[in-house]
Amino acid sequence: MGKLRTFLLEKLPWIVTVLGIICWTYYCHVLVMDADLLTSKNGGVVVLGVVDVVCFTTIFVLTVSSYYQILSTSPGYVPLPEDVEAGGGQASHAVGVMMQAMSTGPGQDRKTFCTKCNVDRPDRAHHCKLCKRCVLKMDHHCPWVGNCVGLRNHKFFALFIWYTTVLALYNIVAISIWGAQRSAAEGSDSLWGNPSWQVVWANVIVSGIFELSLFGFSWYHCWLLSHNMTTLESLNRDKSHSLGSIFNNLSFNLGHHPGLWCLPCWGIDDCLKTAPGGNYNPVSALASGTP
C-alpha cells in the first residue's frame with residue numbers, strides 16, 4: 001500500500017506531465033501541421049508531409065521508448081542483507097558482477113559501508129535518500145522519470161534527453177518555417193486568429209523552453225558517458241574512471257555494438273554478458289573504472 005501511495009502521489013504526476021507534453025507535441029506537429037500539408041493540392045508538398053510524418057513519428061517513438069525503459073528498469077540497487085536474488089537472472093546480472101568485483105576483484109579494497117542500508121557497497125555506489133537505497137554507479141535522482149539514474153538505466157536516460165532535445169528542436173524549426181510560409185501566402189490572421197493554431201504556437205513556446213533547458217544538459221551527459229563518469233563524480237571531482245579511450249567508455253555505457261548505441265535497447269546486463277575480448281575487463285571496469 002505504501003508503494004502504491006508513493007507512486008500515485010510522487011511519481012505519477014511527473015509521468016503524466018512528461019507524456020502529456022510529448023503527446024501534445026506530436027498532436028500539434030503531425031495531426032495539425034502535417035495534416036494540413038497532406039491535404040495540399042501540390043504533390044511536392046504532400047510528399048514533404050509524408051516524409052515529415054515518418055521522420056517525426058520515428059523520433060517520437062524513440063523518445064517514448066527511452067522513457068519507458070527508464071521507468072521500467074531498476075537503476076541497480078545494492079542488494080540488502082535479506083535479498084536472495086543478487087546476481088541471479090537477466091535483471092540483476094550487472095548487479096551480480098558489481099558485487100562480485102567488490103568481494104573478489106580489484107574493487108575489494110575500495111568498498112564502503114552504508115549505515116542506512118546496513119550493507120557493504122562497492123566504489124561508485126551512493127545512497128539515495130529518496131529511494132532509500134544505495135544505487136550502483138549513481139548519477140542522480142530525477143523526479144521527471146520518477147527514478148534514480150544509475151548503472152542499469154543511465155543509457156536510457158541519456159537517450160531520452162537526447163531524443164527529447166531533437167524532438168523539441170525539430171518541432172520548433174518545422175512549424176516555424178511552415179507557419180512563416182503560410183502566413184506570407186495567406187496573411188497572419190489565417191494562423192494567429194485560428195484557435196487550433198494558437199494551441200500549436202503555445203506548444204512551440206513550450207518546446208522552446210524545454211530546448212533551452214535540455215540542450216546543454218544533453219551535451220553534458222554526452223561528455224559524462226564519453227568519460228565513463230556520473231554527475232555526482234563530476235561535481236565531486238572524483239578520480240578518473242576512463243577505460244582508456246572514448247570508444248571504450250561509450251561501449252561500456254551504451255553497448256558493444258555502435259549500431260545499437262542510439263536505440264533504447266541492449267542495456268548493460270546484455271553488454272556484460274557479451275563483452276568482446278580485448279576491450280576491457282568488465283569486472284574491473286565496474287569495480288574501479290580501470291581497463
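Could you go through segment 146-153 and let me know if any residue there is open to solvent by 20 Å² or more (accessible area, probe 1.4 Å), under 29 Å from C265 (Cα atoms) and of a type outside the set (V, I, T). Spell out the reasoning first.
So in segment 146-153, the residues open to solvent by 20 Å² or more (accessible area, probe 1.4 Å) come out as 152.
Filter again for under 29 Å from C265 (Cα atoms), leaving 152.
Next cut, of a type outside the set (V, I, T) only: 152.
The answer is yes, given that some residue of segment 146-153 is open to solvent by 20 Å² or more (accessible area, probe 1.4 Å), under 29 Å from C265 (Cα atoms) and of a type outside the set (V, I, T).
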C23 - would you say it is open to solvent by 40 Å² or more (accessible area, probe 1.4 Å) and within 16 Å of V204 (Cα to Cα)? yes
Residue satisfying all of: in segment 260-273; at pLDDT below 85 and either farther than 22 Å from S66 by Cα or open to solvent by 70 Å² or more (accessible area, probe 1.4 Å) (or both); nearest to the chain's Cα centre (by Cα) among these: W266
Exactly one of (1) under 30 Å from M138 (Cα atoms); (2) without any contact (Cβ under 8 Å) to a residue 12 or more places away in the chain is unmet by S218. Its number? (2)
Of all residues making up segment 5-19, the number that are among the aliphatic types (A, V, I, L, M), open to solvent by less than 90 Å² (accessible area, probe 1.4 Å) and at pLDDT below 85: 1
Just one of the numbered conditions (1) open to solvent by less than 40 Å² (accessible area, probe 1.4 Å); (2) farther than 22 Å from H140 by Cβ; (3) not small (G, A, S) is not true of Q181; which one? (1)
Quick check on S213: is it open to solvent by less than 30 Å² (accessible area, probe 1.4 Å) and either outside any loop (DSSP other than H, G, I, E, B) or among the aromatic types (F, W, Y) (or both)? no
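The values are calculated or read from the model by the stated rules, or taken from the named source; none is laboratory data. Being a predicted model, the structure only gives us computed values, none of them experimental. Neighbour counts are summed over all protein chains in view; Cβ atoms, including those assigned to glycine, are modelled from backbone coordinates with ideal geometry. Just so you know, the surface numbers come from the protein's heavy atoms only, side chains and all, with ligands and any DNA or RNA stripped out. Shrake-Rupley method; radii C 1.70, N 1.55, O 1.52, S 1.80 Å.
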